[in-house]
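Novice: Got a structure here, written out as structure tokens. Questions coming.
The values are calculated or read from the model by the stated rules, or taken from the named source; none is laboratory data. Computed from a predicted model, the values in this text were never measured in an experiment. Don't worry about glycine lacking a Cβ; one is built from the backbone with ideal geometry, like all the others, and counts go over all protein chains shown. What goes into the accessible areas is simple: the full protein's heavy atoms, side chains included, and nothing from ligands, DNA or RNA. Shrake-Rupley method; radii C 1.70, N 1.55, O 1.52, S 1.80 Å.
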Amino acid sequence: MKILVVNPFGATEPNAKENLEKVARSDVELDVVNISDVFPLDYNTYQYNVLKCVNATVERIIRAEKEGWDAVVISCMADPGLIPARSVVDIPVTATFEASTHFASMMGQRFSIIAPDPVAAALEYPLADLYGVRQKLASIRDIGIVANKLYPEITPPEELRRRTIKVGKKCVEEDR
């Protein structure tokens, strides 16, 4: 099986392919690409940027189908282009917010989402409604770092880990 992971912005997460290969089955071929040729920003947190990258993401997914990929994952919690892509290709397409919230729904009665910043968090409520998981959503909290500052050369991984754990504990203690 061949799975393409599309970052719907102009950068790719450090070690993305290597991290995925660690957990992929041996019969899975995967690659991680971005849309830097048409969307140069290294993030798409704000609604305007999300709108700008949707077309390029869908076009890349159309190309993936023609190239023989069996499935595509959109690697962004805003799920940009997910619904439009599904309407124009015959291969399975999923995205991180949709997949993770449905998985979380199977794991427990309630779950919280930890976003990078308040603006990114606000984009996720409509998706929770769209995917029918809002009733299980206990909270959406953020770690206070804008998405384009999440790269290790800008914000040390230890700081991301520290903030995520701190916010995660608040989710458990205050949002149950």
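Novice: Can you name the residue in region 150-171 that is in contact (Cβ under 8 Å) with a residue 40 or more places away in the chain and in a helix (DSSP H, G or I) and, of all such residues, is most open to solvent (accessible area, probe 1.4 Å)?
Specialist: Thr164
Novice: Let me ask something else. Which residue pairs have Cβ atoms closer than 7 Å, lie 6 or more positions apart in sequence or on different chains, and pair a first residue in region 19-30 that is of a type in the set (Gly, Ala, Ser) with a second residue that is open to solvent by less than 100 Å² (accessible area, probe 1.4 Å)?
Specialist: Matching pairs, first to second residue: Ala24/Leu30.
Novice: For region 135-157, which positions are within 16 Å of Ile114 (Cα to Cα), at pLDDT below 95 and of a type in the set (D, E, K, R)?
Specialist: Lys149 - this is the single residue of region 135-157 that is within 16 Å of Ile114 (Cα to Cα), at pLDDT below 95 and of a type in the set (D, E, K, R).
Novice: Can I ask one more? Out of (1) in contact with a Phe, Trp or Tyr (Cβ under 7 Å, 6 or more places away or on another chain); (2) closer than 17 Å to Gly10 by Cβ; (3) open to solvent by 60 Å² or more (accessible area, probe 1.4 Å), the odd one out for Val119 is which?
Specialist: Val119 satisfies all of (1) in contact with a Phe, Trp or Tyr (Cβ under 7 Å, 6 or more places away or on another chain); (2) closer than 17 Å to Gly10 by Cβ; (3) open to solvent by 60 Å² or more (accessible area, probe 1.4 Å) except (2).
Novice: So which of Val38, Val50, Val23 ends up being under 22 Å from Pro152 (Cα atoms), of a type in the set (A, V, I, L, M) and open to solvent by 20 Å² or more (accessible area, probe 1.4 Å)?
Specialist: Result of the check over Val38, Val50, Val23: Val23.
Novice: Applying the selection to region 132-144, what residues are touching a helix residue (DSSP H, G or I) at 6+ places or on another chain (Cβ under 6 Å), surrounded by fewer than 18 Cβ atoms within 10 Å (Cβ to Cβ) and closer than 25 Å to Pro84 by Cα?
Specialist: Across region 132-144, the qualifying residue is only Arg134.
Novice: Could I ask something else about it? Within region 68-95, restricting attention to residues that are part of a strand (DSSP E or B) and free of Cβ contacts under 8 Å to residues at least 40 places away in the same chain, which residue is surrounded by the fewest Cβ atoms within 10 Å (Cβ to Cβ)?
Specialist: Looking at residues that are part of a strand (DSSP E or B) and free of Cβ contacts under 8 Å to residues at least 40 places away in the same chain, I get Thr94.
Novice: With the requirement that a residue be hydrophobic (A, V, I, L, M, F, W, C) and closer than 17 Å to Gly168 by Cα, what does region 98-119 give you?
Specialist: Ala104, Met107, Phe111, Ile113, Ile114, Ala115
Novice: Just one of the numbered conditions (1) modelled with pLDDT of 95 or more; (2) surrounded by 13 or more Cβ atoms within 10 Å (Cβ to Cβ) is not true of Phe9; which one?
Specialist: Checking Phe9 against (1) modelled with pLDDT of 95 or more; (2) surrounded by 13 or more Cβ atoms within 10 Å (Cβ to Cβ), the one that fails is (1).
Novice: With the checklist (1) of a type in the set (Gly, Ala, Ser); (2) under 16 Å from Cys76 (Cα atoms); (3) without any contact (Cβ under 8 Å) to a residue 40 or more places away in the chain; (4) buried (at least 16 other Cβ atoms within 10 Å of the Cβ) in hand, flag the one item Ala147 doesn't pass.
Specialist: Just one mismatch for Ala147, condition (3).
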